[in-house]
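Asker: This structure is in C-alpha cells; I'll ask about it shortly.
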Amino acid sequence: MSEALPVDQFTDYVWSFYAPDATLYPIKGLTYAQCHAVCFLISLTDEYAGDTYDRERVRDIICELYKLRVS
C-alpha cells in the first residue's frame, strides 16, 4: 500500500476539483478553509489515502455539512 498524501497536498487536490471557480465540479460558496477542515477530518481516519475515493467523501461531507452543492 502506498503512503497517504499529506493533508495540505490533498486539500489542494480537492480544491482543484471543487473550488467555486473550478472547471470540473465547482461548489459555489465553498471556501478554502472549509475544504481544508473537511480534508483534515478525513485524514484522521484509518482508511485515508488521499485518493479519488477520499476526494468524493470530502465532497459529500462538504455538501451535507455546509448545505452546498456541486454546480
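The values are calculated or read from the model by the stated rules, or taken from the named source; none is laboratory data. All figures in this text were calculated on a predicted structure; none of them were measured in a lab. Cβ atoms come from the backbone with ideal geometry, glycine included; neighbour counts cover every protein chain shown. Quick note on the areas: whole protein, heavy atoms, side chains included, nothing else; ligands and nucleic acids left out. Shrake-Rupley method; radii C 1.70, N 1.55, O 1.52, S 1.80 Å.
Asker: Keeping every protein chain present and rolling a 1.4 Å probe, give me the accessible area per residue for the chain in Å².
Answerer: Dividing the accessible area of the chain by its residue count gives 63 Å².
Asker: Measuring from label point to label point, each 7 Å out along Cα→Cβ, what is the Ala49 to Leu24 span in nm?
Answerer: The answer from the label model is 1.6 nm.
Asker: For Ile27, which sequence-distant residues (separation of 5 or more, or a different chain) have an amide H within less than 5 Å of its own amide H, given hydrogens modelled in the peptide plane?
Answerer: Here Ala19, Ala22, Ser71 satisfy the definition.
Asker: Length gain on complete extension for the stretch Thr31 to Ala4, per 0.36 nm per residue less the alpha carbon to alpha carbon distance?
Answerer: Extra length from Thr31 to Ala4 when fully extended: 7.3 nm.
Asker: Heavy atoms only, probe 1.4 Å: what % of the accessible area of the chain goes to carbon and sulfur, would you let me know?
Answerer: Heavy-atom surface of the chain belonging to carbon and sulfur, 1.4 Å probe: 56 percent.
Asker: Next question. Is the shape of the chain best called rounded, prolate or oblate, per the rule: a/c under 1.5 gives rounded, else a/b larger than b/c gives prolate, else oblate, with a ≥ b ≥ c the square roots of the Cα gyration tensor eigenvalues?
Answerer: It comes out prolate by the Cα gyration axes.
Asker: Under 13 Å from the Cβ of Lys28, count the other residues' Cβ atoms, weight Lys and Arg +1, Asp and Glu -1, and hand me the total.
Answerer: Net of charged neighbours comes to +1.
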